[in-house]
Each structure stands twice: as structure tokens, then as C-alpha cells.
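In what follows, a single structure is set out as C-alpha cells and then discussed.
The values are calculated or read from the model by the stated rules, or taken from the named source; none is laboratory data. From a predicted model like this one, the values you see are computed outputs, not experimental measurements. When we count neighbours, we look across all protein chains shown, and the Cβ atoms used for this are built from the backbone with ideal geometry, even at glycine. SASA here: full protein model, heavy atoms, side chains in, ligands and nucleic acids out. Shrake-Rupley method; radii C 1.70, N 1.55, O 1.52, S 1.80 Å.
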Amino acid sequence: MRWTVHGERTIHDTPWVRLRSLDVEQPDGTRGDYHVVRLRDLAVTAAVDDRHRVLMMWRHRFVTDTWAWELPMGLVEDGERPEEAAARELEEETGWRPGSLRELLYAQPAAGITDTQHFLFRTDDARRIGEPTERNESDHLKWIPLSDVPALITRREIVSSATLVGVMALLLDTATEHPCRVGD
């Protein structure tokens, strides 16, 4: 059931989005064009404090004209490792620096149409070093109790897929560490 790629041509190319047309052969021998969106990888950080709260940003997404809570995240730059991007984005967007990071989750959010990879990291020892340097990212920051996260999802106050997958992984991770902690 493996598809074969015979070639690729550029339809649109920017630093943010690369749209390609691939000449593919399906397993049944049918050959044709298949459009793919090539995006940079994404690094996401879930900073958790000793009170079992996660640091989130209240932000507006103009593309969908929606407000919602999100984890700090950003694109992995050329030559940068995902964990370096995660640490950089947390610091730029929140003013908090992780002491340590551990990978919590790896995801391919839409593997049928895009090649982007999402890397989610957790830090339990972030420290505040100052104000955020990226001023266009969020309206405000808040440490949100992990026990409040399911209700935020239900009320559609968390809608970004990277954040949704991230906080769900965080809840599972925390439940494994402290079975009676989440949802008490």
C-alpha cells in the first residue's frame, strides 16, 4: 500500500508556506498530481509549576478571528534543534526560561496533506527572567490549574490543535505521575 513519488514541483513558495505538486503513483498503479503543503516544524512548551498549573497565553488568531488559551510555541528555525526552539519560544513569548526540558510528545498533525512535525516539551523548573520580548504573541499570560483544562476545552477556550494535543498529553503525563491529582 506504499505510494511512490516520481517528482515534485513548486506551486507557491514563501518562508512560511511551500505548496508543492507531487507526481505520485498509488498502490493500484494510478498516477496523478497530489498537492502537499510543506511547513516548518513546530516546537511547543508546557511549563508546569509546583502547584500543578500550566503557563498559557490568551491570544487572538486573526485567521479565524478567535481568542483562546495556547501553550507557548513557535517554528523551529534552520539549524535549530526542536528543544532549542521550545526554550527560545517560551522565553520570548512569556519571559520564563526552562531549566530543563523533556520531550512529552511528537505529532504529525495532518500527515495526509502536510509534512510538518510538532514537538511538545515539558518543563517543571522554569524561572521568570523578565518580561516577554515578543510583544505581538498574547494579550496576557496565566498559570492555569491543570484541573481546569478539561472545562476550557469543553468551552472551546482551547482550540489550537498543537495546544489541545499538548495539554491532553500533559494531563495523561500528570495523571501517571499523580493518579489522584488531575480531575480531583
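Of all the residues in the stretch 159-173, those that are assigned to a helix (DSSP H, G or I) and polar (S, T, N, Q) number 2.
Scan the stretch 125-134 for residues that are part of a loop (DSSP other than H, G, I, E, B) and open to solvent by 60 Å² or more (accessible area, probe 1.4 Å) and the total you get is 5. Tell me, yes or no, whether the stretch 149-156 has at least one residue that is among the charged types (D, E, K, R), under 15 Å from T45 (Cα atoms) and out of contact with any Cys (no Cβ under 6 Å at 6 or more places or on another chain). Scanning the stretch 149-156 turns up no residue that is among the charged types (D, E, K, R), under 15 Å from T45 (Cα atoms) and out of contact with any Cys (no Cβ under 6 Å at 6 or more places or on another chain). Screening A43 with (1) open to solvent by less than 70 Å² (accessible area, probe 1.4 Å); (2) outside any strand (DSSP E or B); (3) not basic (K, R) gives one miss only, at (2). Within the stretch 135-158, the set of residues being in a loop (DSSP other than H, G, I, E, B), surrounded by 12 or more Cβ atoms within 10 Å (Cβ to Cβ) and either among the aromatic types (F, W, Y) or in contact with a Ser or Thr (Cβ under 9 Å, 6 or more places away or on another chain) (or both) comprises E137, S138.
The residue that is surrounded by the most Cβ atoms within 10 Å (Cβ to Cβ), counting only those in the stretch 63-100 that are of a type in the set (G, A, S) and within 14 Å of R122 (Cα to Cα), is A86. Criterion applied to H52, H60, H35 was being open to solvent by 20 Å² or more (accessible area, probe 1.4 Å), touching a residue at least 60 places away in the same chain (Cβ under 8 Å) and touching a His at 6+ places or on another chain (Cβ under 8 Å), and the one residue passing it is H52.
Filtering the stretch 15-22 for residues that are touching a His at 6+ places or on another chain (Cβ under 7 Å) and open to solvent by less than 20 Å² (accessible area, probe 1.4 Å) leaves a non-empty set. Is it true that some residue in the stretch 7-17 is closer than 21 Å to Q108 by Cβ, more than 26 Å from the chain's Cα centre (by Cα) and in a strand (DSSP E or B)? Yes, the stretch 7-17 contains a residue that is closer than 21 Å to Q108 by Cβ, more than 26 Å from the chain's Cα centre (by Cα) and in a strand (DSSP E or B). Among the residues of the stretch 2-22, those that are in contact with a strand residue (DSSP E or B) (Cβ under 7 Å, 6 or more places away or on another chain) and among the basic types (K, R) comprise R9, R18, R20.
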